[in-house]
Amino acid sequence: MRFAVFASGNGSNFEAIVRAVENKEISATLVCLFSDKKNAYVIERAKKKKIPYMVIEKEKQETKESYEKKIIEYLEEKSIDFIILAGYMKILGHVLLEKYPKKIINLHPSLLPSFPGKQGIHDAFYSKEKETGITIHLVDQGIDTGPIIFQHAISITRHETLSSLETRIHELEHRYYPIVIEKYIREVVLNDKKKSLN
Ligand code: GAR
């Protein structure tokens, strides 16, 4: 099984996934990184780890359809079976979603459906909620919607700062995302592959 990670920013989760592949905690091949941002720090991480990467930035006038067709061309060249979003900040359109049905998963730093969007940790911290956490879900055309496959909650403590909460959430992400990816590969992706061979 061959997969690509999509990321737009720092890439700490990308690195956690690379580590899990190196340690054989994920039993699939991480073939490449895709980024929509040429200056994203995640690209430096890919270079260091010698993981092939591709950056395609969306042109202003370009439609989502034409942009996603370019991405698919690259993914097909690499024979990608499924996609892991790790801090990828673009909403996916129907072209990518129809090409990889139930084969794209996303990580979000809140207990969805609460606090979707780009600032999940910040929004939970400034809310009156006493707990927050992480969510891993299949991707659809909404903003951080789609069937939930995993959640883990933590309390927001009385002495919590935004920075301590960010650290705790990222620790959870790095710990659980690789585990959930591996489970998902075994339960869903491999099964579908078997079915398509019969
Ligand atoms: C992670 O916290 C991830 O949950 C979040 O972006 C961060 C990326 O961090 N994703 C979203 O907010 C999706 N809506 P990283 O670049 O260090 O892996």
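None of the figures in this text is laboratory data; all of them are computed from the coordinates on show. Keep in mind it's a predicted model, so treat the numbers as computed, not measured. Here Cβ is always computed from backbone atoms with ideal geometry, including for glycine, and neighbour counts include all displayed protein chains.
From the set of residues in the range 87-103 that are outside any loop (DSSP other than H, G, I, E, B) and surrounded by fewer than 21 Cβ atoms within 10 Å (Cβ to Cβ), which is nearest to the ligand (Cβ to nearest atom)? Ranking the qualifying residues of the range 87-103, first place goes to Leu97.
Quick one: what pairs do we get from the range 1-27, first residue without any contact (Cβ under 8 Å) to a residue 40 or more places away in the chain and more than 12 Å from Ile179 (Cα to Cα), second away from the ligand (no atom under 11 Å from the Cβ) and not hydroxyl-bearing (Ser, Thr, Tyr), C-beta under 7 Å, 6+ apart or different chains? Hits for this filter: Val18/Leu30; Val18/Lys49; Val18/Ile51. For residues that are over 30 Å from Glu59 (Cβ atoms) and crowded, with 16+ Cβ neighbours inside 10 Å, scanning just the range 1-42, find the one that is nearest to the ligand (Cβ to nearest atom). Looking at the filtered set, the residue picked out is Ala16.
Checking each residue in the range 152-179 for being under 19 Å from Asn106 (Cβ atoms), of a type outside the set (Asp, Glu), in a helix (DSSP H, G or I) and within 14 Å of the ligand (Cβ to nearest atom) picks out Ile169, His170, Leu172, His174, Arg175, Tyr176, Tyr177, Pro178. When we screen Lys128, Lys50, Lys69 for residues that are more than 14 Å from the chain's Cα centre (by Cα), without any contact (Cβ under 8 Å) to a residue 60 or more places away in the chain and not in a loop (DSSP other than H, G, I, E, B), the only hit is Lys69.
Can you tell me which residue among Leu107, Leu75 is hydrophobic (A, V, I, L, M, F, W, C), closer than 27 Å to Ala28 by Cα and assigned to a helix (DSSP H, G or I)? I'd like the intermediate steps shown before the answer.
Details: Leu107 fails: assigned to a helix (DSSP H, G or I).
It is Leu75.
Out of Val42, Val55, Val31, I need the residue that is closer than 28 Å to Glu182 by Cβ, among the hydrophobic types (A, V, I, L, M, F, W, C) and out of contact with any Ser or Thr (no Cβ under 7 Å at 6 or more places or on another chain). Which one?
Working: Val42 fails: out of contact with any Ser or Thr (no Cβ under 7 Å at 6 or more places or on another chain); Val55 fails: out of contact with any Ser or Thr (no Cβ under 7 Å at 6 or more places or on another chain).
When all the criteria are applied, what remains is Val31.
Filtering the range 155-186 to residues that are in contact with a strand residue (DSSP E or B) (Cβ under 9 Å, 6 or more places away or on another chain) and small (Gly, Ala, Ser) leaves only Ser155.
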